[in-house]
Amino acid sequence: VAGIGVGAVFGAVTQLMLARVAIDTANAAYPWTVGSLNARPASAVKLLGIGLALGLVAALALARSLTLLRFKDAIASGLGTAVKARRLQVLLLSVVLTALAVAVAGPVGLVALIGPEIARSLSSARHVPILAATLAGALVMVLADLAGRTLFAPIEIPVGIVTAVVGGPWLLWILMRPQRSRP
């Protein structure tokens, strides 16, 4: 819910900025505002690839701690995890990786929700499936981009709109399904 609120505030700021510039500038920025993979500069994609590779290495290094953070704080501390420090590290890594992705593709919503849920449903409940979630998120992006380019061809639908149309009902399903017991 906090993420939705923050997104709404920054979405309003973005809309205000677009309302204050020339119409041609606003039209040029529009594809980024809805999330698009179309016509991204090679240098930006290269920087994103390097950042995501480094981020994946860092996330894999945190994998054991992430699994332990699923327990109550006292248990995770007893098993050797500095809970507050680890949460801060995970938060900072998440912010950096999200910023990289948004800088290149724009705000493509709900991929970070759909990818991990797919990975969680396909893997064991004993660990946090970081690599599987990464691959599932990438697959969701590729399939959403493919669907956006081909379903209503020659009209291209930005990937952010496709993920919102698919992700909205997915989010409702997650919120309405019975909760599984946690370790």
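The values are calculated or read from the model by the stated rules, or taken from the named source; none is laboratory data. Computed from a predicted model, the values in this text were never measured in an experiment. Cβ atoms come from the backbone with ideal geometry, glycine included; neighbour counts cover every protein chain shown. Please note that ligands, DNA and RNA were not included when accessible areas were found on the heavy atoms of the full protein model with its side chains. Shrake-Rupley method; radii C 1.70, N 1.55, O 1.52, S 1.80 Å.
General observations
- Only one entry of Leu171, Leu143, Leu175 meets the criterion of being under 30 Å from Ala29 (Cβ atoms), modelled with pLDDT under 90 and aliphatic (A, V, I, L, M), and that entry is Leu171.
- Lone qualifier among Ala105, Ala85, Ala125 - being among the small types (Gly, Ala, Ser) and surrounded by 16 or more Cβ atoms within 10 Å (Cβ to Cβ): Ala105
- Scanning the stretch 45-96 for residues that are in contact with a Pro (Cβ under 7 Å, 6 or more places away or on another chain) and either of a type outside the set (Phe, Trp, Tyr) or in a helix (DSSP H, G or I) (or both) yields a single hit, Arg70.
- Contact annotation: residue pairs with Cβ atoms under 7 Å, 6 or more positions apart or on different chains, pairing a residue in the stretch 23-38 that is free of Cβ contacts under 8 Å to residues at least 12 places away in the same chain with a partner that is open to solvent by 30 Å² or more (accessible area, probe 1.4 Å) and not acidic (Asp, Glu), are Ala26/Leu18; Ala29/Leu18.
- Candidates Ala144, Ala82, Ala125 - the one that is of a type in the set (Gly, Ala, Ser) and under 25 Å from Lys46 (Cα atoms): Ala144
- One residue stands out among those in the stretch 108-122 that are open to solvent by less than 40 Å² (accessible area, probe 1.4 Å) and touching a residue at least 24 places away in the same chain (Cβ under 8 Å): the one that is farthest from Ile174 (Cα to Cα), which is Val108.
- Check on Val95, under 21 Å from Ile4 (Cβ atoms) and open to solvent by 60 Å² or more (accessible area, probe 1.4 Å): yes
- Selected residue (criterion: farthest from Thr163 (Cα to Cα)) from residues of the stretch 127-140 that are in contact (Cβ under 8 Å) with a residue 60 or more places away in the chain and not in a helix (DSSP H, G or I): His127
- On inspection, Gly5 passes the criterion of being loosely packed, with under 13 Cβ neighbours inside 10 Å and assigned to a helix (DSSP H, G or I).
- The one condition in (1) at pLDDT 85 or above; (2) in a loop (DSSP other than H, G, I, E, B); (3) hydroxyl-bearing (Ser, Thr, Tyr) that Ser124 fails to fulfil: (1)
- Any hit, the stretch 35-48, residues being more than 20 Å from Ala112 (Cβ to Cβ), at pLDDT below 85, hydrophobic (A, V, I, L, M, F, W, C) and open to solvent by 80 Å² or more (accessible area, probe 1.4 Å): yes
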